[in-house]
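Here is the structure we will look at, set down as structure tokens.
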Amino acid sequence: MTTLMEIRHVTKRYGGGRLSGEGMTALSNLSMTIDADRPSITAVVGESGSGKTTLARILLGLTPPTEGEVLYRGQDLTSLSGEQRRNFRREVQAVFQDPYEVYNPFYRVDHVLNTPVNRFKLAASRAEGRELIANSLRAVGLRPEEILGRFPHQLSGGQRQRIMVARAVLMRPRLIVADEPVSMVDASLRATILGSLRKLTDEMGISIIYITHDLATAYQVSDNILVMYRACVAEAGAVERVVKDPRHPYTRLLISSIPKVSTTRDWLADEGDETIRPIPGRDGCRFVERCPVAMARCATAIPPLYRTEDHRATACFQFDTSPELAAAEMGQVLVGATAS
Amino acid sequence: MTTDGMNTGDMNTGGMNTGAILRVERLRVGFDHPLGVVQAVDDVSFTLLANERLGLAGESGSGKSTMALAILRMIKPPGRIQGGAVYLDRTELSSLDQEAIRRVRLAGIALVPQGSMNSLNPVMRIRAQIADALADHRVVLSKAELATRVADLLRRVGLRAEVADLYPHELSGGMKQRACIAIAICLSPQVIIADEPTSALDVVVQRQVMETLARVQRDLGAAVILVGHDMGLMAQFVDRLGVMYAGRLVEIAPIGEIITRPRHPYTQMLISSLPSLEARGTMHGIPGLAPLLRDLPPGCAFHPRCPRADARCRTEKPAVRDLAPGQQVACHHA
């Protein structure tokens, strides 16, 4: 197995320092591996402020971690040579949340596609460049003749977001980091865009990190899932296991909170209100004051990830009879794309 | 309808009332555009019963938010209400003058607009923002009365009294949305219109906010119109659901009926576009794009995307037909 990207014990703190105290921990001791040989979609799910976007920025090399290493093909991102950095910039692509603000309204949409072709010299001639662009548009289910030559305002949000995916595909990447790619797109179009991401993995061998707050779309599209809670991984593993049989109390809460299209109306309870919750110090489980099964030790120690099954790890002391997961083992917990 | 809206002491007024509280009749809203009139709300009629929770679902641009604004006569140029009537109890709202309609807003029908949690004034404490709403409706209170009133409103939305002294940035998203609900109910409205009240919140917080809204509604004996596109939320919250497409109400039915037997093909597709947690690979998008409102296809506006479209659908606009009391559909095939 060759590793495309690996992050080891990555922590990111904002603020802090000698004068301003501890600062804010956005990501705490996270390790994960992206396999080069087994393309897959890994969803990173969590509420706002759980560290999802920080993880995306670290994987993309846009933010350096405070502690820990980010490795691309075995080499630390900070020590890449010019040529290696260029390769990294081509092989690891980003798709962001907002399909409106990424476009300059004065340029035709062709501009966002032509720029990388020229910058990375992807084509030997103009004709070849055009062919390349047309092919990547087709790969995401768009018809080039309906898209090229248009201005952004003439296209829908869904079309614009698919152009951003096409732009990423153009670079023949190995990994696409998609940060909330469908949250601003109408529900009826989400399935289509996520379907085209799925095709990229299955047909072109591109791995995808799908960052979202929406557990249901994560379940539909991904192979693996990382459930984040306040900068930490609560539970990770094969999506089918985690969603169908959640073990971490937070994953359970998350799944039970999703309103289902069903005639059984059990979603609204009239329990007491959870209002202001203090953010716990660094020395306890971050879920402790919401946790229905919290024990005394949960307030004083951070639970490590326990490997409860081959393809699942859970950061909860309830499972302390299972072996602790070493940083390098996260890659084994995550599965490759399941043939569908 | 009492337009004074100041008898807020009694929280249970209307609780036993089961008739229609709000009637919308043939409402039409258009926006003037150089290339023609954009028909944002096209001949929509429905009735909201007292204590009822009605959902309005549809894609962006289907006219659901415009309709919410039109009910309160809050459409601004270039938009205008072209026709139709809205009755709150027995009062026809278009017959009211500016001052009277201003008093109906908040006191009769309260709107929690989309993104309202981000429109709280950042330099005012929550107490002052609630006081503002009361003062605007000429509720004159002493300092002590105001403190009691604010504490009571906050308690009813599940917030502690101390929240009154906080600024919006000190509140979480869920708390801000509750503060907005507290403002909305400060004059005990008969109808609460909530436009995507939880679209910016996480699912766990969403459930808490919707529980708060449900409880507040029960306490007030008010009716609720929930505007949104999350069919899961609709299935769990509303009693009856209306589905809008290209400015028209294409189907309205009791929620159990509509999710088990959706009649309009668009409703069927809207339901199956929702990702399920039961089985993977069951999420289906709706092919094609929502039409341009100023250039609608002839006949049924949905026909280019509809699997059941035939020659008739391409030429003849389907009328809204009654199927049962409270249930209507506008489709030639339903």
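The values are calculated or read from the model by the stated rules, or taken from the named source; none is laboratory data. These numbers come from a predicted model, not from an experiment. For neighbour counting, all protein chains shown are included, and Cβ atoms are generated from backbone atoms with ideal geometry for every residue, glycine included. These accessible areas exclude ligands, DNA and RNA; they are computed on the full protein's heavy atoms, side chains included. Shrake-Rupley method; radii C 1.70, N 1.55, O 1.52, S 1.80 Å.
Summary of values
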{"quantity": "At q = 0.06, 0.07, 0.14 Å⁻¹, base-10 log of I(q)/I(0) for segment B:20-329 (Debye sum, equal scatterers on each alpha carbon)", "calculated": "-0.21, -0.29, -1.10"}
{"quantity": "Derived scalar couplings ³J(HN,Hα) [segment B:160-168; Karplus, 6.51 cos²θ - 1.76 cosθ + 1.60; whole Hz; x for Gly, Pro]", "calculated": "6, 4, 5, 4, 4, 8, 9, 8, x"}
{"quantity": "Geometric extent, Cα atoms of segment B:116-257 - Rg, Dmax (angstrom)", "calculated": "16.1, 50"}
{"quantity": "Kirkwood Rh, angstrom, segment B:270-334 [1 / mean 1/r, Cα pairs]", "calculated": "13.9"}
{"quantity": "³J(HN,Hα), Karplus 6.51/-1.76/1.60, whole Hz, each residue of segment B:303-314, x for Gly, Pro", "calculated": "4, x, 9, 9, x, 9, 5, 10, 4, 5, 5, 7"}
{"quantity": "Label-point gap, in nm, between A:S256 and B:N121 - each point 7 angstrom along Cα→Cβ", "calculated": "4.2"}
{"quantity": "Size descriptor, Kirkwood hydrodynamic radius, that averages inverse alpha-carbon separations across the protein assembly as shown, Å", "calculated": "27.1"}
{"quantity": "Under DSSP loop assignment and at most 16 Cβ neighbours within 10 Å, longest GluC sites (Glu not before Pro)-free interval of chain A", "calculated": "A:102-270"}
{"quantity": "A:K260 - accessible surface, heavy atoms, 1.4 Å probe, Å² rounded to 10", "calculated": "70"}
{"quantity": "Listed residues A:F319, A:F151, A:F106, most fluctuating in chain A (Gaussian network, C-alpha, under 10 Å)", "calculated": "A:F106"}
{"quantity": "Other-chain or far-sequence residues with amide H under 5 Å of A:R247's (modelled H)", "calculated": "none"}
{"quantity": "Relative pair counts by distance (%), Cα atoms of segment A:91-190, 5 Å bins", "calculated": "2, 14, 25, 26, 22, 9, 2, 1"}
{"quantity": "Debye intensity ratio I(q)/I(0), log10, chain A, q values 0.09, 0.12, 0.13 Å⁻¹ (C-alpha model)", "calculated": "-0.52, -0.90, -1.03"}
{"quantity": "Heavy-atom accessible area order for A:S50, A:S256, largest first, 1.4 Å probe", "calculated": "A:S256, A:S50"}
{"quantity": "Tilt relative to chain B, helix B:143-156 - C-alpha long axis, 0 to 90 degrees, to 10", "calculated": "40"}
{"quantity": "Of A:V177, A:V242, A:V261, the one that fluctuates the most in a GNM where chain A has Cα springs shorter than 10 Å", "calculated": "A:V261"}
{"quantity": "Whether segment B:101-151 is rounded, prolate or oblate, judged on the alpha carbon gyration tensor where a/c under 1.5 counts as rounded", "calculated": "oblate"}
{"quantity": "Cα long-axis angle, helix B:126-136 against chain B (0 to 90 degrees, to the nearest 10)", "calculated": "80"}
{"quantity": "Rounded to 5, percent antiparallel among DSSP beta bridges of chain A", "calculated": "60"}
{"quantity": "Quarter of Cα convex hull surface for segment A:188-231, i.e. mean projection, nm²", "calculated": "3.4"}
{"quantity": "List of segment B:201-218 residues, accessible area with partners at least 30 Å² below that of the chain alone (1.4 Å probe)", "calculated": "B:D202, B:V203, B:V204, B:R207, B:Q208, B:E211, B:R215"}
{"quantity": "Residues of segment B:263-282 buried by at least 50 Å² on assembly (accessible area, 1.4 Å probe, chain alone as reference)", "calculated": "B:P275, B:L277, B:R280"}
{"quantity": "Per residue accessible area of the protein assembly as shown, 1.4 Å probe, in Å²", "calculated": "42"}
{"quantity": "Trypsin sites (Lys or Arg not before Pro) restricted to segment A:1-73 and DSSP loop, no more than 15 other C-beta within 10 Å", "calculated": "A:R18"}
{"quantity": "Reach of B:K64 by Cα under 12 Å, taken over aspartates and glutamates that are not fewer than 8 positions away in the same chain", "calculated": "B:D42, B:D195, B:E196"}
{"quantity": "Estimated FRET transfer efficiency (A:F120, B:D97; beta-carbon r; R0 41 Å; 0.05)", "calculated": "0.05"}
{"quantity": "Solvent accessible area, Å² - A:D202, 1.4 Å probe, full protein context", "calculated": "80"}
{"quantity": "Helix-only [θ]222 nm of chain B, DSSP H runs n ≥ 4, -39500 (n - 2.57) each, per residue, nearest 500", "calculated": "-8500 deg cm²/dmol"}
{"quantity": "Carbon/sulfur fraction of accessible area - segment B:20-329, other protein chains in place, 1.4 Å, %", "calculated": "53"}
{"quantity": "Rounded to 5, percent antiparallel among DSSP beta bridges of chain B", "calculated": "60"}
{"quantity": "Built amide H within the under 5 Å cut-off of B:V227, gap 5+", "calculated": "B:L56, B:A194, B:D195, B:E196"}
{"quantity": "Distant-in-sequence amide H partners of B:V250 (H built 1.01 Å from N, under 5 Å)", "calculated": "B:V243, B:M244, B:Y245"}
{"quantity": "Listed pairs A:K199/B:K317; A:K12/A:K199; A:K199/A:K244; A:K260/B:K76; A:K52/B:K76; A:K199/A:K260 exceeding 30 Å between Cα atoms", "calculated": "A:K199/B:K317; A:K12/A:K199; A:K260/B:K76; A:K52/B:K76"}
{"quantity": "Note, ³J(HN,Hα) from phi for segment B:115-121, Karplus 6.51, -1.76, 1.60, rounded to Hz, x at Gly and Pro", "calculated": "x, 5, 5, 9, 10, 4, 6"}
{"quantity": "Antiparallel %, DSSP beta bridges [both residues in the protein assembly as shown], to 5", "calculated": "60"}
{"quantity": "Over chain A, relative contact order from alpha-carbon pairs under 8 Å, at least 6 apart, %", "calculated": "21"}
{"quantity": "Heavy-atom accessible surface of chain A: percent carbon and sulfur, 1.4 Å", "calculated": "50"}
{"quantity": "Highest-fluctuation residue, A:Q318, A:Q93, A:Q154 considered, GNM on chain A with Cα pairs under 10 Å", "calculated": "A:Q154"}
{"quantity": "Protein-protein interface of segment A:149-164, residues with accessible area decrease of at least 10 Å², isolated chain reference, 1.4 Å probe", "calculated": "A:S156, A:Q159"}
{"quantity": "Accessible area buried, both sides summed, chains A and B with 1.4 Å probe, Å²", "calculated": "4300"}
